[in-house]
């Protein structure tokens, strides 16, 4: 079934092209059904490849398929080739699987939007780009996908672009990502000059053979990590992700939680043999990951926008993934990436369902007691909450615990990294409990809008119903500002079915890689052929002890949040500090720098470009032009003078031959 | 056979043609001078062909004749049309192609 491989990216591409041509005609909801069917078909093709790989012995589990030579250029021949091995197929399975569910959900969520078909067009293009990123057998093809998902992210964040804030958020995401892309490009160049190939199999073979070593390996590792900090929202480039929540919620779930933001992690795991010889680059990755996890978790505590909490939570969880990579614990990174895709997509879709039911108001301070009105959303959201908080037996517990155990075993600094991870777990449990209590329990706070002076006033939401006369045809009659007499409603089946499926996955996702018994470590044994080396995890009693500590810490976080927000024993203002709410001023200090000292520097660069660089180019042009003006006088149009020139030249030539050559 | 007289004759005709091309202004006469030069060269080719016993020189002559014939067709046509438009024009008057 090797031939099914090319179908995986081809189906979403076909969906994209069909929607480009006939999306408007298909309309709502048929264009959404088409897009969903294409991604579901892609999922089936992935399953076929997966089954095929399963039937082979472990060391032969790598299929390559080159469709054609993409860029033939001297020594550099880049094929349009796909590589299916356990790692890329694992990614594909959850990209297409979760992607199909989110497409289905979006049919319900985007119902009545004037740009319905365009939304699905972008979504299909995104899935195609993401699959190119994952399946590409060389760095350049991955880069094609890398830029493709970046562009789709930009389109979708600013999907409701009539609101300037959304358009700005899209631009911010794009520009911030470009900084990371620089690392990707330079890393690719460096790999090419070192190995002479940018094919993953060649690179990893060279790294295993020791061709990439020492400073080069460190440089390649750091450069690709720079790329990953951009795409996967790590310090210092994470600032775009919280703003990216301006996009529709299915986008936040698909692109900014489950798939695109994990591509940096995928890239580093793909190149894990290089990282193994990359020395301190690993420490850098681990520390940046751990600090990002902690900082983002503190910021999440003080957010009141339901999606912002989840956005910072995503940054924090991605920090965990990089902590796992830095400590050489690649299986745990992929494991948590998969479970995170399940429960974070679930949480985002759940929040979307809440937003959908609450007239697109995203302020958690207006929610409360929604479990009464939205039982399915509440139930599945609670599964996601317990999973991310690390409560056994939910999936997040197993994967997070593996990362923490790996960090614990990592050299001398390991204990510190483990402790940072543990504090983050505590904060995670805390802010997620806060969110659940504020949203689904307590009083129905929107009833007091207008009467309670303490309540934050409702601002008109950023939804773009206004950009056309379609409101009358709008299926939601409640696309208006939240009012006290509003009755929340449960979402349609297209939205609840994905929630239930993802809830089930978040519940049982842990069975992918159960600890203690080697036989149950399915993911580890599955991924083994693609990993050059794997860090040893603690065994037996230590592992068990660490797990107990993690569970206790998680429960303390939940209990403390219950004390603050449910029992109201402690004033929330003590915990929701300003530095948290403002994101430690990281974002605003960037803005200040770019507007102040940075601006002066950039102006200087612009002056240099305008005067020195352009001056050199223009100077050369002026020189040539002047010479030409003088030389053109020779061409006076008189045939006889040309003849004279030819005759004189002939005489001179004959003279030269006779005197110098000795004829 | 002594080649010298033919070679001297060829050189003379060539010189006449070259000087004529440089000093005369009538396009038609200049054209005839070019023909003179070509035929001087042909003469030289033939005489060397005889002395070196190599038929290649004569082959070249045929090529030159054919090319010259083609050139005459085009050149005379151009000169004729110029003369129709601008009677009494000399080569020095025709400077429209100057840079």
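Which of the three applies to the range B:7-69, rounded, prolate or oblate, going by the alpha-carbon gyration tensor with a ≥ b ≥ c and a/c under 1.5 meaning rounded? Oblate is the answer for the range B:7-69, as a/c is 1.5 or above yet b/c matches or exceeds a/b. Separation of the range A:389-416 from the range B:47-99 is 93 Å, based on Cα centroids. Rounded, prolate or oblate: which fits the range A:227-270 when a ≥ b ≥ c are the square roots of the eigenvalues of the alpha-carbon gyration tensor, with rounded for a/c under 1.5 and prolate only if a/b beats b/c? It comes out oblate by the Cα gyration axes.
Between the range A:497-539 and the range B:10-32, the C-alpha centres lie 97 angstrom from each other.
Shape analysis of the protein assembly as shown based on the Cα gyration tensor places the equivalent ellipsoid semi-axes at 75, 32, 26 Å, largest first.
Give the order of A:51, A:186 when sorted by the count of other beta carbons within 10 angstrom, beginning with the fewest. If you can, show how the numbers build up before the last one.
Working: A:51 11, A:186 16.
Final ranking by Cβ density, sparse to dense: A:51, A:186.
Here the spin labels are modelled as points 7 Å beyond Cα on the Cα-Cβ line, and at residue A:639 and residue A:588 they lie 8.5 nm apart.
For chain A, the longest principal axis of the alpha carbon atoms and the long axis of helix A:586-595 meet at an angle near 30°.
Within a 10 angstrom radius of the beta carbon, how do B:93, A:361 rank from fewest other beta carbons to most? Display every interim value, and only then the final one.
Numbers: B:93 14, A:361 24.
Fewest to most other Cβ atoms nearby, the residues stand as B:93, A:361.
Fewest neighbouring Cβ atoms within 10 Å first, the residues A:98, A:47 line up as A:47, A:98. Over chain B, DSSP H runs of length four or greater, each weighted -39,500 (n - 2.57), average out per residue to a 222 nm ellipticity of -27000 deg cm²/dmol. Against the longest alpha carbon principal axis of chain B, how many degrees, from 0 to 90 and to the nearest 10, is the axis of helix B:4-23 turned? Tilt of helix B:4-23: around 10 degrees. Taking a ≥ b ≥ c as the square roots of the eigenvalues of the Cα gyration tensor, an a/c ratio of 1.5 or more together with a/b larger than b/c marks the range A:356-402 as prolate. Using C-alpha pairs below 8 Å separated by at least 6 residues, the relative contact order for the range A:252-403 is 26 percent.
Averaged over peptide A:640-646, the number of partner chain Cβ atoms lying within 10 Å of each residue's Cβ comes to 3.
Between the range A:156-192 and the range A:322-336, what is the separation of their alpha carbon centroids in Å? Between the Cα centre of the range A:156-192 and that of the range A:322-336, the gap is 25 Å. For the Cα atoms of chain A, what angle does the longest principal axis make with the long axis of helix A:493-508, in degrees from 0 to 90, nearest 10? For helix A:493-508, the angle is close to 90 degrees. Tell me what chain A gives for mean residue ellipticity at 222 nm when only DSSP H runs of n ≥ 4 count, each as -39,500 (n - 2.57), the sum divided by the residue total, rounded to 500 deg cm²/dmol. Calculated mean residue ellipticity at 222 nm is -22000 deg cm²/dmol.
Values quoted throughout were computed directly from the atomic coordinates according to the rules given, and no laboratory measurement underlies them. All figures in this text were calculated on a predicted structure; none of them were measured in a lab. All Cβ positions, glycine included, derive from the backbone under ideal geometry; neighbour counts span all protein chains shown.
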